[in-house]
Structure formats: structure tokens, C-alpha cells
1. Can you name the residue in the range 187-228 that is open to solvent by 30 Å² or more (accessible area, probe 1.4 Å) and assigned to a helix (DSSP H, G or I) and, of all such residues, is nearest to HIS20 (Cα to Cα)?
2. Out of curiosity, is GLU310 within 11 Å of the ligand (Cβ to nearest atom) and over 21 Å from VAL406 (Cβ atoms)?
3. Quick one: which residue in LEU235, LEU248 is outside any helix (DSSP H, G or I) and in contact (Cβ under 8 Å) with a residue 24 or more places away in the chain?
4. In the range 315-324, how many are open to solvent by 30 Å² or more (accessible area, probe 1.4 Å) and within 16 Å of the ligand (Cβ to nearest atom)?
5. Could you tell me which residue of the range 132-159 is least open to solvent (accessible area, probe 1.4 Å), considering only residues that are in a loop (DSSP other than H, G, I, E, B) and touching a strand residue (DSSP E or B) at 6+ places or on another chain (Cβ under 9 Å)?
6. Does the range 367-382 contain at least one residue that is more than 29 Å from LEU399 (Cβ to Cβ) and modelled with pLDDT of 95 or more?
7. It is to be established whether one or more residues within the range 384-399 are in a helix (DSSP H, G or I) and either more than 9 Å from the ligand (Cβ to nearest atom) or open to solvent by less than 10 Å² (accessible area, probe 1.4 Å) (or both).
8. Give VAL280, VAL327, VAL292 a once-over and let me know the one that is in contact with a His (Cβ under 6 Å, 6 or more places away or on another chain) and surrounded by 14 or more Cβ atoms within 10 Å (Cβ to Cβ).
Amino acid sequence: MPNYRGSATLRPMSDLSNKHIVLGLSGGIACYKAAELCRALVKQGATVQVVMTEAAAQFVTPVTMQALSNQAVYVSQWDPREPNNMAHINLTRHAHAILVAPASADFMAKLLHGRADDLLSLMCLARPLDTVPLLLAPAMNKEMWAHPATQRNMAQLRQDGAIVLGVGQGDQACGEVGDGRMLEPDELLYELTALFQPKVLHGKKILISAGPTYEAMDPVRGITNLSSGKMGFALARAAHEAGANVQLVAGPVNLPTPYGVARTDVRSALEMHTAVMAQVERADIFIATAAVADWRPAQAAAEKIKKGSEGLPSFDWVENPDILADVAAHPRSQAGDLYCVGFAAETQYLQAQAQAKRERKGVPLMIGNLGPATFGQDDNALLVIDAQGVKELPRAAKLILARQLVADIAMRINTKNKGQT
Ligand code: CTP
């Protein structure tokens, strides 16, 4: 599973503000990660109500969870603090979601049968099915995970409306290695954040190019540009949050792969061209955020070029293929099956240059930004330019802008599809 480690760009603060999350812990060594998760949820602005089984309290104490959540923790259905003595009802009525992390094999088996002999299982059974989603983050030994009973239980829990999350792979507390580790706190945080994003691209296949390209001059030198890839990576994350299947083609960048996104790394414009064209048959939307080098040396030197008597090195330059223009000219784009979006990086006359570029490349939508004001930055300001005119997206974190763009693109595609029927 890709390792999601968000930078400030990819993970703005307060993503969960005004959200009330019930965090359930069943027994398992992964409870230690739930403590970190609790802290992360609070940092993102959520209020967190912790409910633990007695087994969970063997691994991490209610005192720890109370200190981290800043709320009294519930363990027993007989808790006298509830005036009506109905903690199992009261605790979920204002919740936006329940996340059980860790969800042990035993706890899931219990849920499956609708058993309710402790507060956590009783509360899950008594939750309003239609308004309070239940997420389960399984955590167990690899043999327990692979056991047909566990797999059968998870399939049935999904049918019953639970969102059963995946598991990580690697070293386990028991010393074995395999599938069954609970997802990391950052990954669980991502899952919860994504839960609240509208699924406007559900089932769509999105292809995104991102970052700079690097054109070699010799084995140790080349030309590139200042693109960091942050906007493209933020778009990949936002598209995935919106329910899309995302394929990212990335030039040389120093960024973690957004959770759930498939990534192909490339270096040169030619490699990027090949990787993108290989995906065109499958994609519904292509978003070209990459800052592709316009030229490359016709022939890179086989050995390092040395300083010396021959003076300054010189190269014959050839123009790189225009990836966006090639995708826009593809029969699927021409038939309206593939929607193409470009990013114009300019230093002046942004609107006019970006509009001209949109027409030249034959794409319906061009996003304009000022290169020096965006390359490497965590925020950006955009112009959304189509044949009708221009709309401004004021300066904001790149993930915020990416979500706005995803909503905008989804609306355009839905309008187009409605128009065709
Ligand atoms: N693009 C591309 N392949 C290229 C050049 C650009 O796919 N060889 C795409 C970029 O990913 C972006 C859009 O075209 O979506 C505009 O890129 P930009 O660098 O702003 O424009 P250029 O076409 O390179 O024109 P110029 O450098 O002259 O401004």
C-alpha cells in the first residue's frame, strides 16, 4: 500500500473541523496507533469521543485516550455518568462517523452477528444506519487476516453497510511478516477526511502528469525547471477523495505518493510522453500539470563533459513532443470520451497567454497560474479558462484549490454528458 505522509500542502489544517468522530478501540496491539490517530483527529479540528472495549484497555489506558481526546472515555454500557444510562444511544446521535481502529477479528465477528455484549458493539449495532457511517480498520496477525472466516465476515459486514478499510503489509508484533497490520494514523486520517468529500468523480479514471522533467546533457548534468509537483499531487489526492481511480505520472519530485493513488515515475519528457500515452485508452480525464521541458539536447554526451581547451559546451536542441496536445488530438478526446485539462505557467499576460494556449493545444479547459508564484509553493492562485471566459480561484492551499478544480471539472463533465443524452 502506498505510504501516505502528507506535507502541509497535501494536508491542510482543520480538514475535520465541525466533525464529531466516535473513535472505537477493540483489543489489539495496534491500540498504540489509535492514540496517535486520536491526537491527529483533534489537530484536524474534530471532536473525538473515545469508546473502548475492556480488551483495548489492556493495551492503552482510558487515561491516555482521555488526555488525548480531551473527553471522558467510555468503556462500560453501565456507565453511571449518562443520566438516562443509555451511553450506547447517546454517543452516536450527534456523530458524523464511527471509526473502530483497531477492529480485531473477534470484534468484527461479533458485529457480524449483531451481538452486543459490550458498549462498543452495542453502540455500533444501535447506530443510525443511514446517517452515521461505520468504518472498520482491521488489525490482526496475517493468518487470522487470511482465514476464510475473517474474509467472509468482512464481505458480509460490507454488505451490511460497514466500510471495511484495507490493511498494511509488513512486520507484525508477533514477529511474523505479512498482511494484517492496521493502517497508519495518517492513512486512517486520510480515509476519514475523504469520507466527507463529495464523490463527484466516482468510478472515473483520471490521468495526471505532474512535476518537472529532466533532460540529460551528460550522465551527471541536465536541464530541468522549478516545478515541485505539489499542484499535481494535490489534484491526485483530491480526485481520489472524490472517488476516482487515479494514475499519476510524475517527473523527478520529492513528494510522497498520495494515499490510494497509482504512480509511475519518469524522468524525461519522452518518458513522460510514453507513460501518459500508454494510459490514454483507459482514462476519462487527463489533467496535465507537468512542467514539461520544451527542448532536450539532441544527443546527450556519453561521458561527463570536462572543462578544457575546447571552450564552452554547445548542444543541438530538439523540441520535445507536446504531451497535452497529443492527448487532445487522440481519437478518444476528439470523440468526447476523454476530457483534457491543461495548466499554463506564465510570467506575464496570464489570461491572454493561457487562453491562446488553450486554443493552440485544442483543450476545453486551461488553468492559468504564474510560474514564479506557484513553483515550490504550498499555495497558489488560479484562473480557470474555457471558451466562454475566465473564473478566478483566489490564493489558497493547493489541496483546497485542487478540490475546487475537481468539483469544477466534474460539473463540466456531467453537464457535457447530460447534453449528449
Ligand atoms: N505540456 C505538455 N507537453 C509539453 C509542453 C507542455 O504536455 N511538451 C502541457 C503542460 O503540462 C501544461 C500545458 O501543456 O498542461 C502548458 O504548458 P506550458 O509549459 O505552460 O506551455 P508550453 O506549451 O510549454 O508553452 P511555453 O513554454 O511556450 O509557454
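1. Ranking the candidates gives LEU195 first.
2. Working: within 11 Å of the ligand (Cβ to nearest atom): no; over 21 Å from VAL406 (Cβ atoms): yes.
Against the criterion (within 11 Å of the ligand (Cβ to nearest atom) and over 21 Å from VAL406 (Cβ atoms)), GLU310 does not qualify.
3. LEU248
4. Summing the residues that are open to solvent by 30 Å² or more (accessible area, probe 1.4 Å) and within 16 Å of the ligand (Cβ to nearest atom) in the range 315-324 gives 5.
5. VAL132
6. Checked the range 367-382: no residue is more than 29 Å from LEU399 (Cβ to Cβ) and modelled with pLDDT of 95 or more.
7. Among the residues of the range 384-399, at least one is in a helix (DSSP H, G or I) and either more than 9 Å from the ligand (Cβ to nearest atom) or open to solvent by less than 10 Å² (accessible area, probe 1.4 Å) (or both), which makes the answer yes.
8. Numbers: VAL327 fails: in contact with a His (Cβ under 6 Å, 6 or more places away or on another chain); VAL292 fails: in contact with a His (Cβ under 6 Å, 6 or more places away or on another chain).
When all the criteria are applied, what remains is VAL280.
The values are calculated or read from the model by the stated rules, or taken from the named source; none is laboratory data. For clarity, every value in this text was computed on a predicted model and none was experimentally measured. Every residue, glycine among them, receives a Cβ derived from its backbone with ideal geometry; neighbour counts consider all protein chains shown. Surface accessibility is based on the protein's heavy atoms, side chains included, excluding ligands, DNA and RNA. Shrake-Rupley method; radii C 1.70, N 1.55, O 1.52, S 1.80 Å.
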